[in-house]
1. Ordered by packing density, taken as the mean number of other Cβ atoms within 10 Å over each peptide's residues, highest first, how do 211-221, 368-378 rank?
2. Using a cut-off of 28 Å between alpha-carbon atoms, which lysines can reach LYS25, once sequence neighbours fewer than 8 places away in the same chain are excluded?
3. Can you list, bin by bin at 5 Å, the percent of alpha carbon pairs in the stretch 195-276, starting at 0?
4. Would you please give the residues with an amide H less than 5 Å from that of THR237, counting only those at least 5 places away or on a separate chain, with H modeled from the backbone geometry?
5. Would you mind pulling out the separation of the Cα centroids of the stretch 102-178 and the stretch 336-396, in Å?
6. What residues qualify as long-range amide H neighbours of LYS323, i.e. H under 5 Å apart, gap of 5 or more or another chain, H built at 1.01 Å from N?
7. Would you grab the residues whose amide H sits under 5 Å from the one on GLU123? Only those 5+ places off in sequence or on another chain, please, with H modelled 1.01 Å from N.
8. Treating the angle as unsigned and between 0 and 90°, give the value, to the nearest 10°, between the Cα long axis of helix 304-320 and the longest Cα principal axis of the chain.
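No value in this document is a laboratory result; all are computed from the given coordinates. Model, not experiment: these values are computed from the prediction. A quick note on method: Cβ atoms are made from the backbone with ideal geometry, for glycine too, and the neighbour counts reach across all protein chains shown.
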Amino acid sequence: MVSMEMYELGAKSSVIREIFEFGKKRAAEIGKENVYDYSLGNPSVPAPEKVNETIRKLTQELSPCELHGYTSAVGDNATRTAIAENLNARFGTNFTMNNLYMTCGAAASLCITFRALTEKDDEVIIFAPYFPEYKVFISAAGAKPVEVKCKAEDLTIDLEAFEKAITPNTKAVVLNSPNNPSGVVVSEEIVKGLCAILEKKQKEYGKSIFLVSDEPYRELVYGDVEVPYLTKYYDNTIVCYSFSKSLSLPGDRIGYILVPNEVENFELIYKSVCGAGRSLGYVCAPSMMQFVVRECVGMTGDISAYKMNRDILLEAFEECGFKTAKPDGAFYLFMKSPVDSAEEFCESAKKYDLLLVPSDSFGFPGYVRISYCVSTEMIERSLPKFKELAKEYNLI
């Protein structure tokens, strides 16, 4: 009748979405102001005003057919050129529009990339904690996700465990920095170590192993922290990017895939990306948003609000006795559950209308994810509730 695999995916929504929907129901019962929803990574910082100005300008200057018609399947040439030039100015690269394929955000970028690179029995390594949909995307492409756990003490990559996980079937490795759900930024030292291992394994197995850089949070970093640009460290790197977080456009679904010339068999890989986009129906990303990106590439919203939220919560959690890995980027805190079961802890938090996400679906049990891309005012109102929760577990 139907694909049972697809039925099971559709019948079981993500834990994050379930908590978000619970929050909406609870808000209708007791008032939105009394629910402290830390579940969803939905940017609370407005898009730069230039975004709205550009949309207004486009609607006035372009005809409806120009504004809403198809671009080329791989994306608008001027948009891809603007992105390439921005990357070159920032990272000293030499990209052109021919290295870029426009997509409906990072999810589409990842699905296309996995479909383009992998065949049956291929393995794709992901580092736990990870974005839960990685497993869905990789499996849908016919490949096998292989988990490598990060170090418990600081959630950094365990290079020894990583090297042991690589097999002759390894086709790709996914690196997400800043990380969702931990906010940890992978250091240059670890990047160099990881790339050295990949180079060694490529020679050992006589095959290409691709590094897939998933970077929707690249610009969301605090202080003087730098996120290494992976194409500078490893030739077989493919970048999957989204403007959802940098430009606060999560509902507008716009991003890209970058395939550098340095990738082995560049023409073959880029054409495979095009073919995968075609087979999945991911051609011609939203035209108007491509034109917006063309004018606004390189901009970000005011991320100082996220830093303020992070700092308030870190200070409060330290006072409450909660343990977290300090996030240098993104807008998530990964808190250690005071009991073995993170689900049990999250259920306890619900008594105080604190909506937190248990970490099991992120491949790293015993933690909770707290998404702090919310209003600072909501955070401040929630702090007494966190204290009550901490007292329940005798942390203070």
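1. Put in order of decreasing packing, that is 211-221, 368-378.
2. Within the straight-line cut-off, LYS25 pairs with LYS12, LYS245, LYS336, LYS350, LYS351, LYS385, LYS387, LYS391.
3. Cα pair-distance distribution for the stretch 195-276, in percent: 3, 13, 20, 20, 18, 14, 7, 4, 1.
4. Long-range HN contacts for THR237: LEU211.
5. Between the Cα centre of the stretch 102-178 and that of the stretch 336-396, the gap is 27 Å.
6. It is LYS336, by chain and number.
7. So GLU123 has HN proximity to LYS144, THR170, LYS171, ALA172.
8. Long axis of 304-320 versus the principal axis of the chain: about 40 degrees.
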